[in-house]
Amino acid sequence: MIELGPLVLMRPWWLAALPVLALATVLALRRADGLGAWRQVVDAELFAVLRRLGHVIEARPDPRPRWLGGAAALLSFGLAGPATRNADAPAFRNLDAVMILLDLSPSITEGGSLGAAQAAVSRVIDRHGTRPVALAVFASESFLVSVPVEDPEPLQSAIAVLDAGTMPVAGSRPDRALAMARDALRDAAAERPDVVLVSDGGAVGPEAQAIARDMAADGIRLSAVFVAPGAPPYGAPPPDRAALAALVAVGGGRLVEAGDTAALEALLQDRTGAGLAETARRTLLFEDHGRLLVALAFAAMLPLFRRRKAP
C-alpha cells in the first residue's frame with residue numbers, strides 16, 4: 001500500500017504494467033497510420049518520393065490503438081486500487097497495534113539528534129500499513145501522546161512540533177516507558193502488537209530488560225531504532241547501542257539505525273498485511289474507487305467491438 005496524500009493505492013504493483021502498455025501503444029500507433037501495409041512492401045526512399053509527388057492518398061489513422069491504450073491504462077490504474085479513507089469507518093480496539101516510544105531525554109533533545117529521531121518515527125508511521133499506531137514520549141517520566149489510531153496525519157502533526165521544551169522533566173527512564181507500553185497493550189488485549197523504542201540507548205539497564213522479557217511472554221514484540229547523539233550534553237547518560245541490541249534480543253525484535261531508510265521501512269513489514277484482519281480492515285477503513293475506473297475502462301473499449309460496415 002502506498003499513500004499519495006489523501007489518495008492511497010492499495011495494490012500498487014498493478015502500476016508496473018503502465019510502461020509496457022505505453023510502449024505497446026506507441027508501437028501500435030506507428031503501424032496504424034493507414035499505410036502500414038504499404039510501408040512493409042515499398043522501399044522507404046521510394047515511398048517518400050511517391051508521397052512528395054502526390055501519388056500517395058493519405059489514409060485515415062486507425063484510432064483503435066489510442067482507445068485500447070487509454071482503456072488499458074485506466075484498467076491498470078483501477079486495479080491498483082486508488083482509495084480514500086472512509087470518514088465513517090469504525091474504530092478498532094483489539095487489533096495488532098504498534099506503539100512507538102520516542103526518547104525526549106536531554107541526550108536527544110540537546111545532543112543534536114532530535115531531527116533524526118523525528119524523521120525515523122515519521123518513516124515508521126508512514127510504513128505502518130493499516131495497523132493502529134500509538135505514540136508516547138519519555139524522559140524520566142512517560143507521557144502518552146496518542147492512543148492507537150489508523151489515520152497517521154494527527155501523529156505526523158504531533159511529531160513535527162516536538163522540541164526540547166516538550167517534556168516537563170529531564171532524565172532518562174526507558175524502563176518506565178516500556179512498562180507503560182506493556183500495561184497499555186495488555187489492557188487493550190492487542191493482537192500481535194509491536195513496540196518500537198526510538199532512543200540512543202542511554203540508561204537502558206536490567207530493569208528495561210526485565211520488562212522486555214515480560215512483554216515477549218505476552219506476545220509483544222520489541223524493536224528499537226538507534227539514534228546516536230552528535231554531542232551529548234554534560235551529565236547525560238552516554239549512548240549505548242549495545243544495550244539496545246541486548247534489549248531487542250530479549251524482546252524478539254530488531255535493531256535498526258535511524259539513518260537507514262530501507263531498514264526503517266522494513267521494520268514492521270513482516271507483520272503488515274499479514275492475516276485476514278488486515279484485509280478486512282482495509283475494506284472498512286478505505287473506499288476503493290478502483291471498481292469505477294475498471295468499469296470506465298471497459299466502457300471505453302466498447303467502440304472497439306462495434307460492427308464494421310462492409311466495403
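Pairing residues of region 232-245 that are part of a helix (DSSP H, G or I) with residues that are among the aromatic types (Phe, Trp, Tyr), at Cβ distances under 9 Å and at least 6 apart in sequence or on separate chains, gives ARG241/PHE226; LEU244/PHE226; ALA245/PHE226. For region 210-225, name all the residues that are under 26 Å from the mean Cα position of the chain (by Cα), closer than 15 Å to PRO174 by Cβ and surrounded by fewer than 24 Cβ atoms within 10 Å (Cβ to Cβ). Once the filter is applied, which keeps residues that are under 26 Å from the mean Cα position of the chain (by Cα), closer than 15 Å to PRO174 by Cβ and surrounded by fewer than 24 Cβ atoms within 10 Å (Cβ to Cβ), region 210-225 yields only SER223. Out of all the residues in region 141-156, is one or more under 27 Å from ARG213 (Cβ atoms), modelled with pLDDT of 95 or more, within 20 Å of the chain's Cα centre (by Cα) and outside any helix (DSSP H, G or I)? So far as region 141-156 goes, no, none of its residues is under 27 Å from ARG213 (Cβ atoms), modelled with pLDDT of 95 or more, within 20 Å of the chain's Cα centre (by Cα) and outside any helix (DSSP H, G or I).
Residue count for region 113-149 under the criterion of being crowded, with 21+ Cβ neighbours inside 10 Å and over 29 Å from ALA231 (Cβ atoms): the result is 7. If the condition is being surrounded by fewer than 17 Cβ atoms within 10 Å (Cβ to Cβ), modelled with pLDDT under 85 and either in a loop (DSSP other than H, G, I, E, B) or among the β-branched types (Val, Ile, Thr) (or both), then region 271-295 contributes GLY273, ALA274, THR279, THR283. Pairs are defined by a Cβ separation below 8 Å, a sequence spacing of at least 6 or placement on different chains, a first member in region 76-101 that is at pLDDT 85 or above and assigned to a loop (DSSP other than H, G, I, E, B), and a second member that is buried (at least 22 other Cβ atoms within 10 Å of the Cβ) and among the charged types (D, E, K, R); the pairs so defined are ALA97/ARG131; ALA97/ASP194. Candidates VAL204, VAL198: the one that is among the aliphatic types (A, V, I, L, M), in a strand (DSSP E or B) and crowded, with 19+ Cβ neighbours inside 10 Å is VAL198.
Could you list, in sequence order, the residues of region 246-270 that are of a type in the set (A, V, I, L, M, F, W, C) and either touching a Lys or Arg at 6+ places or on another chain (Cβ under 9 Å) or assigned to a loop (DSSP other than H, G, I, E, B) (or both)?
Applying the first criterion (of a type in the set (A, V, I, L, M, F, W, C)) to region 246-270 yields 246-250, 255-256, 258, 262-264, 266-268.
Residues satisfying the conditions are VAL248, VAL250, LEU255, ALA258, ALA263, LEU264, ALA266, LEU267, LEU268.
Flag: LEU197 matches the condition of being modelled with pLDDT of 95 or more and under 25 Å from GLU3 (Cα atoms). Among the residues making up region 183-205, those that are without any contact (Cβ under 8 Å) to a residue 60 or more places away in the chain and either farther than 18 Å from GLY252 by Cβ or touching a strand residue (DSSP E or B) at 6+ places or on another chain (Cβ under 8 Å) (or both) are ASP183, ASP187, GLY201, GLY205. Among the conditions (1) without any contact (Cβ under 8 Å) to a residue 40 or more places away in the chain; (2) closer than 30 Å to GLY5 by Cβ, the only one that ILE159 does not satisfy is (1).
Run down MET180, MET167 and say which single residue is outside the structural domain of VAL8 (by TED's automatic domain parsing) and either in contact with a helix residue (DSSP H, G or I) (Cβ under 9 Å, 6 or more places away or on another chain) or in a loop (DSSP other than H, G, I, E, B) (or both).
It is MET167.
GLU150: out of contact with any Asp or Glu (no Cβ under 9 Å at 6 or more places or on another chain), in contact (Cβ under 8 Å) with a residue 24 or more places away in the chain, more than 25 Å from VAL204 (Cβ to Cβ) and assigned by TED's automatic domain parsing to the domain that holds ASP187, yes or no? Considered against the rule, which asks whether it is out of contact with any Asp or Glu (no Cβ under 9 Å at 6 or more places or on another chain), in contact (Cβ under 8 Å) with a residue 24 or more places away in the chain, more than 25 Å from VAL204 (Cβ to Cβ) and assigned by TED's automatic domain parsing to the domain that holds ASP187, GLU150 comes out as yes.
The values are calculated or read from the model by the stated rules, or taken from the named source; none is laboratory data. Keep in mind that this is a model prediction, so the values were computed, not measured. For neighbour counting, all protein chains shown are included, and Cβ atoms are generated from backbone atoms with ideal geometry for every residue, glycine included.
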